[in-house]
1. Pull up segment 78-97, narrow it to residues that are without any contact (Cβ under 8 Å) to a residue 12 or more places away in the chain and either under 15 Å from residue 10 (Cβ atoms) or β-branched (Val, Ile, Thr) (or both), then point me to the one that is surrounded by the most Cβ atoms within 10 Å (Cβ to Cβ).
2. Restricting to segment 98-130, give me the number of residues that are in contact with a Lys or Arg (Cβ under 9 Å, 6 or more places away or on another chain), closer than 18 Å to residue 12 by Cα and not hydrophobic (A, V, I, L, M, F, W, C).
3. Any idea which of (1) crowded, with 20+ Cβ neighbours inside 10 Å; (2) of a type in the set (Gly, Ala, Ser); (3) at pLDDT 95 or above is the one residue 59 doesn't satisfy?
4. Which number in (1) under 23 Å from residue 46 (Cα atoms); (2) free of Cβ contacts under 8 Å to residues at least 40 places away in the same chain; (3) not hydrophobic (A, V, I, L, M, F, W, C) marks the one condition that residue 115 misses?
5. If you take the residues of segment 1-55 that are more than 16 Å from the chain's Cα centre (by Cα) and within 30 Å of residue 77 (Cβ to Cβ), which of them is surrounded by the fewest Cβ atoms within 10 Å (Cβ to Cβ)?
Amino acid sequence: MWWWLLAAGLVLFGSVLAAAEASLTRTSRVRALALEEEGRGNAETLVKIESDPPRYLNAVYLTVMFVQNGSAILVAFLAERQFGDTWVTLGSFLFTILYFVFVEAMAKTFAVLHTDRVALALSPIVWFLG
């Protein structure tokens, strides 16, 4: 049972990373400095990230790869173990669709619509990864 919770946790973390990626690629150094000037929380961290975006975005991209691949492998393994060989293909297909909807589409759309809020909220996580 806890393996399924681990898979769900990876998907949730994937959503966080997708939102971080989308918000950070839409935030400029100038915008980060403006947010810092406004005294917004985590703006100082965001300025550090925006002063060297490749370092931090590459760390996010690498972590995304581990999370995506890890969750997909784990779900395929669990589907095979609990439901048999036939379910590996069906489970993988369904997982891919659900992962796209919840992680890629929903999280990134939210981040695009609320760029400043998401970038500020997730900048400590990105800074840690970088």
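The values are calculated or read from the model by the stated rules, or taken from the named source; none is laboratory data. The structure presented is a predicted model; accordingly, all values stated were derived computationally and were not measured. All Cβ positions, glycine included, derive from the backbone under ideal geometry; neighbour counts span all protein chains shown.
1. Applying the first criterion (without any contact (Cβ under 8 Å) to a residue 12 or more places away in the chain) to segment 78-97 yields 80-87, 89-90, 93-94, 97.
Imposing the further condition that a residue be either under 15 Å from residue 10 (Cβ atoms) or β-branched (Val, Ile, Thr) (or both) reduces the set to 86, 89, 97.
Details: 86: 10, 89: 12, 97: 10.
By that ranking, first place goes to 89.
2. Of the residues in that region, 1 qualify.
3. (1)
4. For residue 115, the failing item is (2).
5. Filtering first and then ranking leaves 1.
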